[in-house]
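Below: one structure, written as structure tokens.
The values are calculated or read from the model by the stated rules, or taken from the named source; none is laboratory data. Here the structure is a predicted model, which is why all the values come from computation and not from measurement. In this analysis, Cβ positions are derived from the backbone assuming ideal geometry, glycine residues included, and neighbour counts consider all displayed protein chains.
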Amino acid sequence: MLSMKRPRLRSARVLSDFRLALTFINGQELTVDLGTDIHTYPGLRPLLDREVFATAAVGDEGWIVEWIEPDVQIGADTLYMDALAQNAQDENTRIFIDWRARTGLSLNDAAEALGVSARSISRYSNGREAVPRSLALACLGWDSLQQRSSIAAEDTGRYVVNRKT
């Protein structure tokens, strides 16, 4: 399977229950379920109308899936990450890919946040290599540090541990 620097779509076919069958320019085929997002995010709620959802089409030369009316677009990269997370074979990969999608950190920032190389982040992000449990736990730990104000967590993903003196 050829890798893609940035995911781009060849086609998107509407399936039942707010799902899309996606084919990317490298030939990779994935299914993504948008049901939870459509129910969660107000900007996507117009897609709850099944007739509207059925009008999904690839647009902008494969960079988006769009619904002309009500003017909703979802980027190919977002769909790709969501599809990878939903179709991951193991929990560690789902945790990691979901973490990458949620945080939006660049390869370098994600690598710095988790203490691994950018090359490793790239391999795990593309599903080319199984994510080790330690990295999945690091993602969960990073999330925890971001939510706790008693430990300073910088915007860059680095953190400072305040030691007792």
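Quick notes
- Single residue of Ile95, Ile64 found to be in contact (Cβ under 8 Å) with a residue 12 or more places away in the chain, buried (at least 20 other Cβ atoms within 10 Å of the Cβ), closer than 30 Å to Ala138 by Cβ and touching a Leu at 6+ places or on another chain (Cβ under 9 Å): Ile95
- Qualifying positions in the range 25-35 - buried (at least 17 other Cβ atoms within 10 Å of the Cβ) and either in contact with a strand residue (DSSP E or B) (Cβ under 6 Å, 6 or more places away or on another chain) or of a type in the set (Gly, Ala, Ser) (or both): Leu30, Val32
- Considering the range 37-92, the qualifying strands (runs of 3 or more DSSP E), each wholly inside and each with 2 or more residues that are in contact with a helix residue (DSSP H, G or I) (Cβ under 9 Å, 6 or more places away or on another chain) and in the same structural domain as Arg13 (by TED's automatic domain parsing), run over 64-67, 72-75.
- Extreme residue, farthest from Ala21 (Cα to Cα), among residues of the range 36-54 that are in contact with a Phe, Trp or Tyr (Cβ under 9 Å, 6 or more places away or on another chain) and surrounded by 15 or more Cβ atoms within 10 Å (Cβ to Cβ): Pro46
- Residue count for the range 112-137 under the criterion of being in a loop (DSSP other than H, G, I, E, B) and touching a residue at least 12 places away in the same chain (Cβ under 8 Å): the result is 8.
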